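The values are calculated or read from the model by the stated rules, or taken from the named source; none is laboratory data. Here the structure is a predicted model, which means the values were calculated and not measured. Here Cβ is always computed from backbone atoms with ideal geometry, including for glycine, and neighbour counts include all displayed protein chains.
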Amino acid sequence: MSKLSINTTVNYSPNFDLKKRNPSKIKFIIFHYTGMKREKDAINRLTNYKSKVSSHYLIKYNGEIITLVPDLYIAWHAGISSWKNFRSINKYSIGIEISNSGHNNKYKKFSKKQINSVLKLSKILIKKYKIKSKFILGHSDIAPDRKKDPGEKFPWEYLSSKKVGIWHKLKKTKLVKDRNKIVERLEKEIFIKNLIKIGYRNCSYKDNLKNLTKLVKAFQRRFRQDLINGVIDKECLKISKNLIK
């Protein structure tokens, strides 16, 4: 059992930096899904030194929490990543993997037991390290050109209602009316500027269109989860404006 006030099973991973960090360095919680068909294979991968990947915690399908790397060591979960002025998010974060087969293997909803464990664990970490809501993110937020996890089935709106992460303050019924409504080039540029203010990496309208589409999709997976098309419309613009208020 770990020092948390909830039960966790210990199954240490060798994949972490040996130097301890100061608790004040911990600024982020990053959620991932394992993206593997079998939970057993995911655990093996996260604890195998050859894989060179890990996280601090794994939440199993049944809600059980495994401690893989103690909080004060840097786990290898985020890869090349950024948010606001922070680069290499591993240095500043706690990584939480959640068992889920992912987009390449019939992506499913997260279980209620898993989400309850996400809430319990997050609340402890938020309190312990004074983590701000706007620094509770998904892997796709900090690496939009590479990652899709935890994906559009991760219940960000519900978690935000429990003070874990952020969500916009707009009513869905009103928002849907603006869905698929075309925006002008200037409005698209305002949307991209809003994303940068929120924390997403800088990606100008003149940037590689493929990268821009991935960035828009990352935003949609987080804040407009029922339509992930990579297209900037009036609905996306309104959500972005609300989030920067």
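Matching residues to (1) surrounded by fewer than 23 Cβ atoms within 10 Å (Cβ to Cβ); (2) part of a loop (DSSP other than H, G, I, E, B); (3) of a type in the set (A, V, I, L, M):
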| site | (1), (2), (3) |
| --- | --- |
| 201 | yes, yes, no |
| 213 | yes, no, no |
| 216 | no, no, yes |
| 222 | no, no, no |
| 236 | no, no, no |
| 241 | yes, no, no |
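Name the pairs: first residue in the stretch 61-73 and free of Cβ contacts under 8 Å to residues at least 24 places away in the same chain, second residue surrounded by 19 or more Cβ atoms within 10 Å (Cβ to Cβ), Cβ to Cβ under 6 Å, at least 6 apart or on different chains? Partner pairs satisfying both residue conditions: none exist.
Inside the stretch 46-151, counting only strands (runs of 3 or more DSSP E) that do not spill past its ends, which hold 3 or more residues that are more than 17 Å from the chain's Cα centre (by Cα)?
Numbers: elements: 57-59, 65-67, 93-98, 136-138.
Strands (runs of 3 or more DSSP E) meeting the threshold: 65-67.
Going through the stretch 1-43 one residue at a time, which ones are in contact (Cβ under 8 Å) with a residue 40 or more places away in the chain and either aromatic (Phe, Trp, Tyr) or within 12 Å of residue 60 (Cβ to Cβ) (or both)? If the condition is that a residue be in contact (Cβ under 8 Å) with a residue 40 or more places away in the chain and either aromatic (Phe, Trp, Tyr) or within 12 Å of residue 60 (Cβ to Cβ) (or both), then 8, 9, 11, 12, 16, 28, 31, 33, 34, 39, 42 are the ones that fit.
Could you figure out which of (1) surrounded by 14 or more Cβ atoms within 10 Å (Cβ to Cβ); (2) at pLDDT 95 or above isn't true of residue 145? The one condition residue 145 does not meet is (2). Candidates in the stretch 18-45 are the residues that are among the aliphatic types (A, V, I, L, M) and in a loop (DSSP other than H, G, I, E, B); of these, the one that is surrounded by the fewest Cβ atoms within 10 Å (Cβ to Cβ) is 18.
Applying the selection to the stretch 153-193, what residues are assigned to a loop (DSSP other than H, G, I, E, B), surrounded by 13 or more Cβ atoms within 10 Å (Cβ to Cβ) and not hydrophobic (A, V, I, L, M, F, W, C)? Listed by number, the residues that qualify are 153, 155, 162, 163, 165, 168, 178, 179.
Flag set for residue 5, criterion: farther than 15 Å from residue 96 by Cβ, among the small types (Gly, Ala, Ser) and not in a strand (DSSP E or B).
If you go through the stretch 118-137 and keep only what is hydroxyl-bearing (Ser, Thr, Tyr) and closer than 19 Å to residue 150 by Cβ, you end up with 122, 133.
Of all positions in the stretch 51-62, none carries a residue that is among the polar types (S, T, N, Q), farther than 26 Å from residue 145 by Cα and surrounded by 16 or more Cβ atoms within 10 Å (Cβ to Cβ).
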